[in-house]
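Report on the following structure.
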Amino acid sequence: MSKLNVLVFFGGCSSEYEVSLESAYAVIEHLDKTRYRPLPLGITMDGRWLYFKGDIKKIKNNTWANETDAIPAFLSPERVDHRLLLFPGPGETPKSIPVDLAFPILHGKNGEDGTLQGLLELFGIPLAGCGTLASALAMDKDRAHRLVQAAGIQVPKSILLHSYDSLSHALSFALETGFPLYVKPVRSGSSYGITRVEKLEELSDAVSLAFHYDSQVILEENIEGFEVGCAILGTEQLITGELDEIELSEGFFNYTEKYTLKTSSIHVPARIDRSLSVKLKETAKTIYQVLGCSVFARVDMFLTPEGNIVFNEVNTIPGFTEHSRYPGMMKAAGYSFSQVLDQILRLAVKP
């Protein structure tokens, strides 16, 4: 069987640019090269599209966007002509490479939020991952919570702030809900712009920080207990990995903890009994389907001391390094990193 050309997007105009480089390196490294031919397509922080043909270690250490290894590139918009168009430079003949499917490994805005997914769907290129609407909904913490709550699943109490709203709305919510509480950009990932607010005097600065990352901000009550994640693979028939559990020594699972585990630990499988594990997995599947997810995603929930399940968020393009949570949960269920990637790509090209 001939190899499939997989367009692997990485980088992006996002605060999570460097995280994407790590994930994309791991994906390209572990793709089954007997079945797939990766076509690395990087997007720089300032929005340039560059086809990368060098040593993939340069992606990991962020030296990939150089004149020797990177060629300006664009996707053909014609739905019948799935091609990557390369423009080497003055005096050189433009070239093109056929594309069988696209695998975006972009975290955060302008990549995980439905923008790129919409472009790929418009061009008719098979997509390895959630579609436009599901990606946009999952990125929007307020709308995702409203939909999941409508399906009968508990969500944290919250209030939405726009840039034109008075801080008095936030103050009223904080006084009613109590501390600690969380202030978050509505559409952001990797915990960028999130603050755990311990007292009223910290609220104004926390709101200002969150508005630095988005035009809308959400305030959420603190949920006692711990966070549990569920890796899901599939569109019609859903496979779940083993649940993982985040153990915190203090504070919350912020950017530093997510990528260094400096003072926290991740337990796979989660340290809960089997019946509760089954319930959490079924709840995660419901959330996945309510938001219209497909191919793969990670669903994060809180488990309270009373055994209640509270929805937190869905990551439609979770971290994909070899040591990230999603691959770790799937590995604990018996699926190697390469097998997971193969299943994702098979689902993308399934008729």
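The values are calculated or read from the model by the stated rules, or taken from the named source; none is laboratory data. From a predicted model like this one, the values you see are computed outputs, not experimental measurements. Don't worry about glycine lacking a Cβ; one is built from the backbone with ideal geometry, like all the others, and counts go over all protein chains shown. When the accessible area is computed, the model is the full protein with side chains, heavy atoms only, and any ligands, DNA or RNA have been set aside. Shrake-Rupley method; radii C 1.70, N 1.55, O 1.52, S 1.80 Å.
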With all protein chains present, calculate the accessible area of GLU18 using a 1.4 Å probe and round the result to the nearest 10 Å². 120 Å²
Let me cross-check PHE74: its accessible surface, 1.4 Å probe, with only protein heavy atoms counted, in Å² to the nearest 10? 110 Å²
Quick shape check on the stretch 196-243: root eigenvalues a ≥ b ≥ c of the Cα gyration tensor, a/c under 1.5 is rounded, otherwise prolate if a/b tops b/c, else oblate, and it reads oblate
Not counting ligands, DNA or RNA, and with a 1.4 Å probe, what is GLU306's accessible surface area in Å² rounded to the nearest 10? 140 Å²
In order through the stretch 84-94: 3J(HN,Hα) via Karplus (6.51 cos²θ - 1.76 cosθ + 1.60), integer Hz, x for Gly, Pro: 9, 9, 10, 10, x, x, x, x, 10, 6, x
Between GLN289 and GLU322, what is 0.36 nm times their sequence separation minus the Cα-Cα distance? Round to one decimal in nm. 9.2 nm
The distance between the Cα centres of the stretch 1-64 and the stretch 125-196, in whole Å, is 30 Å
Output ³J(HN,Hα) for the stretch 313-325: one whole-Hz value per residue in order, computed from phi by the Karplus curve 6.51 cos²θ - 1.76 cosθ + 1.60 with θ = phi - 60°, and x for Gly and Pro. 6, 10, 9, 7, 10, x, x, 10, 6, 4, 10, 6, 5
Of all accessible surface on the chain at a 1.4 Å probe, what whole percent is carbon and sulfur? 50 percent
Long-range amide H contacts for LEU39: which residues qualify at under 5 Å (H placed 1.01 Å from N, peptide plane, sequence gap of 5 or more or a different chain)? VAL6, LEU7, VAL8
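Give me the 1.4 Å probe accessible area per residue for the chain, excluding ligands and nucleic acids, in Å².
Result: 45 Å² of accessible area for each residue.
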With +1 on the Cβ of every Lys and Arg and -1 on the Cβ of every Asp and Glu, the dipole magnitude of the chain about its Cα centre, in debye rounded to the nearest 20, is 1180 debye
Residues whose placed amide H lies under 5 Å from that of SER96, excluding near-sequence neighbours: LEU86
3J(HN,Hα) from dihedral phi, the stretch 217-233, Karplus parametrisation 6.51/-1.76/1.60, rounded to Hz, x for glycine, proline: 10, 10, 9, 10, 5, 6, 9, 5, x, 9, 8, 10, x, 9, 7, 10, 10
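How large, in Å, is the chain by the Kirkwood hydrodynamic radius built from its alpha-carbon pairs?
21.0 Å
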